[in-house]
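Chemist: Dumping the structure here so I can ask a few things about it.
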Amino acid sequence: MPFAAETFGTLGDTEILEGRHITPANVRSADLLAVRSTTRIDRALLQDSRVRFVGTATIGIDHLDTAYLDAAGIRWCYAPGCNANSVSEYVTTALLCLAQRHGWRLAGKTIGVIGVGNVGRLVAHKATALGLKVLLNDPPRERAGDAEDFQPLERLLAESDILTLHVPLTDSGPDATRHLVDDSFFDRSRRGLIFINASRGGVMRSESVLSALHAKRVAHAVIDTWENEPRISQTLLENVDIATPHIAGHSFEGKVEGTMMVYRAACRFLGKQPCWDPEPHLPPPTVPRLDLSAATDADEQDLLWQAVHAIYDIEADDRRLRDAAAGTADDTATGFDTLRRNYPQRREFRFTRLILPSHARTLAPRLRDLGFQID
């Protein structure tokens, strides 16, 4: 959590701990607890503590036992939308990477976006900028009357060349998502699918994805969120095109906003005014200006790839995870967490100003839709 010590230090004494190994003894005398998704928040952790506020700097809450928190009178919050742009940039980069690697064109393909919340909406917007036809599926939002052109899942499975998941992990109700992606899911999908999971690992059965890859029902897979993290399936990892350690939402800005959303909620809980601003403390952009004017022979998709690749090297994330998984299952689990904890600073597209070659000036609106500034 970037700036955790600085923000929460304005509220009292702050102790920084490693998230997956927080114990009841660590929190016994704490009043507030701020975590990310690696910390399971439940009765076993908190029942002997004086914690009265829990905030998670994440968009998901499946690691929180909210029923227990509510029954115990413990206020809780999360950070919906904090890293939505980061995840949408991850999906954009992954698609362009696959297209570059396998020599096919994105324009004209159909992408099905399953889950159209903060993340899914941005994924759909950027997919349109890539020239993709977009189909949306979100039954809860459709029932709520959201003004989107939602389609049934069956249509997405039948017509989509690409399927990307952006749903929460839920176990009950008419829209339960645990193991939404199973053998039947792929049996009903278009053959040769490109499959992306950057939501929660539990929404897919690892064995089903692996079987679909072996049967060629899935031609290419991008997996960022895995079942049983950090003890992920090494066999699945070996068979997917792009494998990353649950870092799609780990842009620096996404993580900072997660911290700030929890900090502001903690201030409201304590009746205090937030007094720490991250803006003066943000580092300079990694690539403030990118000159592509010499790429006179590049077509539009090549230029899109050059722009995003200069900001985010997704293949480096893939290599690091594969290197970490070269040993035992325990080595893989340790490496998975280490990569997340020590993730290099990744800035978002909006901090980079592009200079385009004269023949590609018509590409400027699409690059702006991806988030870039254009000279």
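The values are calculated or read from the model by the stated rules, or taken from the named source; none is laboratory data. What you see is a predicted model; the values in this text were computed from it and never measured. Please note: Cβ atoms are built from the backbone with ideal geometry, for glycine as well, and neighbour counts cover all protein chains shown.
Chemist: Could you say which residue among Asp323, Asp369, Asp297, Asp277 is in a helix (DSSP H, G or I), free of Cβ contacts under 8 Å to residues at least 40 places away in the same chain and not basic (Lys, Arg)? Break it down into steps so the answer makes sense when it comes.
Modeler: Working: Asp369 fails: free of Cβ contacts under 8 Å to residues at least 40 places away in the same chain; Asp297 fails: in a helix (DSSP H, G or I); Asp277 fails: in a helix (DSSP H, G or I).
Being in a helix (DSSP H, G or I), free of Cβ contacts under 8 Å to residues at least 40 places away in the same chain and not basic (Lys, Arg) holds for just one of Asp323, Asp369, Asp297, Asp277, which is Asp323.
Chemist: Among the residues of segment 73-120, count how many are farther than 19 Å from Phe195 by Cα, part of a helix (DSSP H, G or I) and basic (Lys, Arg).
Modeler: Residues flagged as farther than 19 Å from Phe195 by Cα, part of a helix (DSSP H, G or I) and basic (Lys, Arg) within segment 73-120 amount to 0.
Chemist: Looking at Asp62, Asp48, Asp146, Asp70 in this structure, which one is acidic (Asp, Glu), surrounded by fewer than 16 Cβ atoms within 10 Å (Cβ to Cβ), outside the structural domain of Leu165 (by TED's automatic domain parsing) and not in a helix (DSSP H, G or I)?
Modeler: On the way: Asp62 fails: surrounded by fewer than 16 Cβ atoms within 10 Å (Cβ to Cβ); Asp146 fails: outside the structural domain of Leu165 (by TED's automatic domain parsing); Asp70 fails: not in a helix (DSSP H, G or I).
The conditions single out Asp48.
Chemist: Can you tell me which residue within segment 233-258, out of those that are within 17 Å of the chain's Cα centre (by Cα) and among the β-branched types (Val, Ile, Thr), is surrounded by the most Cβ atoms within 10 Å (Cβ to Cβ)?
Modeler: Thr244
Chemist: Identify, by number, the condition in (1) touching a Lys or Arg at 6+ places or on another chain (Cβ under 6 Å); (2) crowded, with 16+ Cβ neighbours inside 10 Å that Tyr263 doesn't meet.
Modeler: If we test Tyr263 against (1) touching a Lys or Arg at 6+ places or on another chain (Cβ under 6 Å); (2) crowded, with 16+ Cβ neighbours inside 10 Å, just (1) comes out false.
Chemist: Now for a different question. Just to be sure before I move on: is Val123 touching a Ser or Thr at 6+ places or on another chain (Cβ under 7 Å) and either of a type outside the set (A, V, I, L, M) or part of a helix (DSSP H, G or I) (or both) in the structure I sent? Before the answer, list the steps.
Modeler: On the way: touching a Ser or Thr at 6+ places or on another chain (Cβ under 7 Å): yes; either of a type outside the set (A, V, I, L, M) or part of a helix (DSSP H, G or I) (or both): yes.
Judged against the criteria, Val123 is a match.
Chemist: From the set of residues in segment 149-187 that are over 16 Å from Val203 (Cβ atoms) and of a type in the set (Gly, Ala, Ser), which is surrounded by the fewest Cβ atoms within 10 Å (Cβ to Cβ)? Even if it seems obvious, please write down each step before you answer.
Modeler: Residues of segment 149-187 over 16 Å from Val203 (Cβ atoms): 149-152, 154-155, 158-162, 187.
From what is left, the residues that are of a type in the set (Gly, Ala, Ser) are 158, 160.
Working: Ala158: 13, Ser160: 26.
Filtering first and then ranking leaves Ala158.
Chemist: Against the condition more than 21 Å from Arg231 (Cα to Cα) and within 17 Å of the chain's Cα centre (by Cα), how does Tyr343 come out, does it pass?
Modeler: Numbers: more than 21 Å from Arg231 (Cα to Cα): no; within 17 Å of the chain's Cα centre (by Cα): yes.
Judged against the criteria, Tyr343 is not a match.
Chemist: Just to be sure before I move on: is Leu354 touching a strand residue (DSSP E or B) at 6+ places or on another chain (Cβ under 8 Å) and either of a type in the set (Lys, Arg) or assigned to a helix (DSSP H, G or I) (or both) in the structure I sent? So that I can check it myself, show each step before the final result.
Modeler: Values: touching a strand residue (DSSP E or B) at 6+ places or on another chain (Cβ under 8 Å): yes; either of a type in the set (Lys, Arg) or assigned to a helix (DSSP H, G or I) (or both): no.
Spelling it out, it is not the case that Leu354 is touching a strand residue (DSSP E or B) at 6+ places or on another chain (Cβ under 8 Å) and either of a type in the set (Lys, Arg) or assigned to a helix (DSSP H, G or I) (or both).
Chemist: Moving on to the next point. Of all the helices (runs of 4 or more DSSP H) wholly in segment 163-272, which have at least 2 residues that are among the hydroxyl-bearing types (Ser, Thr, Tyr) and more than 25 Å from Thr332 (Cα to Cα)? Quick ask: steps written out before the conclusion?
Modeler: Working: elements: 183-187, 206-214, 234-239, 252-270.
Fully inside segment 163-272 and qualifying: 252-270.
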